[in-house]
């Protein structure tokens, strides 16, 4: 459940959420069946749109679950 959007800046705090490349690196390391990005459509100030993760995830060995705001799923199924 990566926090995505590439939010942050250079300096002391740096990025405080993941970019698509970061999510793919994490997925390669832990090999999940599903990736459920969070906060991908919540704010207007993201540096990287969720469409970039969608694009880079095509053909990868995991399902990318993009929930619309206000919806939910049951995990563990």
Filter the stretch 4-38 for residues that are in a strand (DSSP E or B) and within 12 Å of residue 66 (Cα to Cα); which is nearest to the chain's Cα centre (by Cα)?
4
Report whether or not residue 10 is surrounded by fewer than 17 Cβ atoms within 10 Å (Cβ to Cβ), touching a helix residue (DSSP H, G or I) at 6+ places or on another chain (Cβ under 8 Å) and at pLDDT below 80.
no
Being surrounded by 11 or more Cβ atoms within 10 Å (Cβ to Cβ), free of Cβ contacts under 8 Å to residues at least 40 places away in the same chain and more than 12 Å from residue 2 (Cβ to Cβ) narrows 36, 75, 24, 67 down to just 67
Those residues that are in a helix (DSSP H, G or I) and surrounded by 13 or more Cβ atoms within 10 Å (Cβ to Cβ), I need them from the stretch 39-59; list them, please.
50, 52, 53, 54, 56, 57
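The values are calculated or read from the model by the stated rules, or taken from the named source; none is laboratory data. A quick note: this is a predicted structure, and the numbers were derived from the prediction, not measured. We place every Cβ from the backbone using ideal geometry, glycine too, and count neighbours over all the protein chains shown.
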